[in-house]
Amino acid sequence: MPLVTSKEMFEKAYHGGYAIGAFNVNNMEIIQGITEAAADLKAPLILQVSKGARAYANRTYLKKLVEAAVIETGLPIVLHLDHGDSFETCRSCIEDGFTSVMIDASSKPFAENIAITRQVVEYAHDHGVVVEAELGTLAGIEDEVMVSAEASSYTRPEEVEEFVAKTGCDSLAIAIGTSHGAYKFKPGTKPQLRFDVLEEVSRRLPGFPIVLHGSSSVPQEFVEKINRYGGSMPGAIGVPEDQLRRAAALSVCKINIDSDLRLAMTATIRQYFAEHPADFDPRQYLKPARAAIKEMVAHKIVDVLGCDGKAF
């Protein structure tokens, strides 16, 4: 099975009341952990690559690793550009064989966001590629995306119909209270997503797939493990998983997960070195790290996304 677009995936997810996991990838072990979990559970999958990941791992290596995952698992897999910051970046990924790209011009004025997004959509659609766009801005840090809490803003539902109509985008990332990175909400707070915004957007865009970025839950077990084995992470609370399940049952068809994978991998490697300080074989510490990612992804697929058994 070749790489696929998300069009059919999202149609099924929207009507089925579940979401597809979009997991950020940077190296072989992360890709293996994600895809092994999805294969076991027969779940459709989006593997997404940021501009920073392409620079780190080399664009050719990452594409070939994802292609290998398709061969090994037989799953329907989308290769997606996460947070493309320009037409040129999106075009480069399309030419490299990506089946989906995100153009993030959400920091621009409304009219400029429309113009940039429309340019990407026209080029992408000419090449059989789908496009995700964004309205509203999430706080937090992810690779080159850096937005302060003061500069963040919720999506304005009254703008979504005009934006989708004028851009022709295939899915829309909205801001309803999630945030990028592991440092989301202070301990003692109770994060609450703006379901009123999501429901109004859904009413205005019936049948249209919505995307949530910054949706890691920041498991405290991994934060504590990192600190126990020599790290220094302040306490943080992620997006409550029951709220993500509720969003997936509505119009949210794609939920992005990155920080949870990083925490699982880093905590496991730190623990391994604390227990085996003389070991220097990368295979020995990357193997349990890969297993931790697999376990994390399996939990997300079954308990948060609800897309297990939906691959075929």
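Key figures for this structure:
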| item | result |
| --- | --- |
| In segment 55-71, the residues that are without any contact (Cβ under 8 Å) to a residue 40 or more places away in the chain and in contact with a helix residue (DSSP H, G or I) (Cβ under 7 Å, 6 or more places away or on another chain) | Leu62, Ala69 |
| Options Ser107, Ser86; residue that is farther than 16 Å from Gln48 by Cα and at pLDDT below 95 | Ser107 |
| Hits in segment 248-277 - residues which are outside any helix (DSSP H, G or I), open to solvent by 50 Å² or more (accessible area, probe 1.4 Å) and either under 17 Å from Gly238 (Cα atoms) or of a type in the set (A, V, I, L, M, F, W, C) (or both) | Leu250 |
| Selection status of Val211, closer than 20 Å to Val302 by Cα, in contact with a strand residue (DSSP E or B) (Cβ under 8 Å, 6 or more places away or on another chain) and buried (at least 20 other Cβ atoms within 10 Å of the Cβ) | yes |
| Pairs, first in contact (Cβ under 8 Å) with a residue 60 or more places away in the chain in segment 1-30, second aromatic (Phe, Trp, Tyr) and open to solvent by less than 20 Å² (accessible area, probe 1.4 Å), C-beta under 9 Å, six or more apart | Leu3/Phe98; Lys12/Tyr18; Ile20/Phe10; Ile30/Phe23 |
| Residue in segment 56-65 that is open to solvent by 10 Å² or more (accessible area, probe 1.4 Å), in contact with a Leu (Cβ under 8 Å, 6 or more places away or on another chain), of a type in the set (Lys, Arg) and within 20 Å of Ser259 (Cβ to Cβ) present | no |
| Residue within segment 26-34 that is aliphatic (A, V, I, L, M), surrounded by fewer than 19 Cβ atoms within 10 Å (Cβ to Cβ) and over 21 Å from Ile255 (Cα atoms) present | yes |
| Helices (runs of 4 or more DSSP H) contained in segment 1-86 and holding at least 3 residues among the aliphatic types (A, V, I, L, M) and more than 16 Å from Cys307 (Cα to Cα) | 28-41, 51-57, 59-73 |
| Looking only at segment 150-170, and only at residues there that are closer than 15 Å to His213 by Cα and surrounded by fewer than 23 Cβ atoms within 10 Å (Cβ to Cβ), the one that is modelled with the lowest pLDDT | Ser152 |
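Residues checked against (1) closer than 30 Å to Ser153 by Cβ; (2) touching a strand residue (DSSP E or B) at 6+ places or on another chain (Cβ under 6 Å); (3) surrounded by 15 or more Cβ atoms within 10 Å (Cβ to Cβ):
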position	(1), (2), (3)
Arg54	yes, no, yes
Glu67	no, no, yes
Ile77	no, yes, yes
Ser100	yes, yes, yes
Ile103	yes, yes, yes
Ala111	yes, no, no
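The values are calculated or read from the model by the stated rules, or taken from the named source; none is laboratory data. This structure is a prediction, so every number in the text was calculated from the model and none was measured. Virtual Cβ from ideal backbone geometry, glycine too; neighbours counted across all protein chains shown. These area figures cover heavy atoms from the full protein model, side chains too; ligands, DNA and RNA do not enter into them. Shrake-Rupley method; radii C 1.70, N 1.55, O 1.52, S 1.80 Å.
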